[in-house]
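Below is one structure, written out as structure tokens; the observations come after it.
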Amino acid sequence: MQTQIFLITPPNMAINELILWLEKTQEKTDISAILLSKNDLKEEEYKELAKAFLPKCQKFQTALLLDNEPQLAKEIGADGVHISGDIGMLKDGIKLLKPDMIVGAGNIFSKDDAMIKGESGVDYVFFGEIGKVSSEQTHELASWWAKTFEVPAVYCDANNKVQNFDNANCEFVALSDDKF
């Protein structure tokens, strides 16, 4: 299995900077999916950014996932959503978007979390916290999931770089803005 790249956008970039960043990143590696971080953007700002960024992702055949915004993903025709909220928020996203769009689950810190969210109908489970070094427990949890279940796993560790990463045997490795 070849690990695929799940890219997380830098915080609060203007659209022209974001497009340039994507183009430079795409020159270095193929990107399977991009999570467009919302950070502290207001709803309308995030919507405009997502609408402007979507065609650029489509140009590279890269799935664009929105950050906890399933309704917006549906509205603008993004590829899906990454939900880091509770199981209720996740189920609402699944109900709204599945089977046509991607729904991924984040904020997984135990086997129970992983199984509850992973068995809810999501397309992937995300282990680790964006921008943070993963603990040994998170690494083991991601590896356990990848070896045991069919739902793909994304492993996120701030130490990962495109040239050298630990995928914890997961199908995807999440890389953030400063790793290129």
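According to a simple spin-label model (label point 7 Å from Cα along Cα-to-Cβ), what is the distance in nm between Q71 and K95?
It works out to 1.4 nm between the two label points.
Can you compute the FRET efficiency between E17 and E150 using 1/(1 + (r/R0)^6), with r the Cβ-Cβ distance and R0 = 35 Å? Round to the nearest 0.05.
About 0.40, to the nearest 0.05.
Taking the Cβ of each residue in E140, E171, E69, E43 as the centre, tally the other Cβ atoms inside 10 Å and list the residues starting with the fewest.
So the residues, fewest neighbours to most, are E43, E140, E171, E69.
Using label points projected 7 Å from each Cα along Cα→Cβ, tell me how many nm separate Q61 and E48, to one decimal.
Modelled inter-label distance: 3.3 nm.
Considering the chain as a Gaussian network with a 10 Å cut-off on Cα pairs, which listed residue, Q58, Q137, Q163, attains the greatest mean-square fluctuation?
Result: Q163 has the largest fluctuation of those listed.
Set the Förster distance to 41 Å, then compute FRET efficiency between I87 and D30 from the Cβ-Cβ distance, nearest 0.05.
In this case the efficiency is close to 0.80.
Order these by the 10 Å Cβ neighbour count, fewest first: F60, F6.
Arranged by neighbour count, lowest to highest, F60, F6 become F60, F6.
What's the exposure ranking of V125, V133, V162, going from fewest to most Cβ atoms within 10 Å?
With the fewest neighbours first, V125, V133, V162 line up as V133, V162, V125.
Here are several values of Cα extents along the principal axes in Å: (i) 74, 34, 29; (ii) 40, 38, 28; (iii) 49, 45, 23. Which one was derived from the coordinates shown?
So the structure-derived entry is (ii).
In whole Å, how far is the Cα centre of region 90-157 from that of region 1-26?
So the separation of the two Cα centres works out to 21 Å.
Given the Cα-Cα distance of D40 and V133 and 0.36 nm per residue of separation, how much length would full extension add, in nm?
Length gained, D40 through V133: 31.3 nm.
Each value in this text was obtained by applying a stated rule to the coordinates, not by laboratory testing. None of the values given here were measured: they were computed from a predicted structure. Virtual Cβ from ideal backbone geometry, glycine too; neighbours counted across all protein chains shown.
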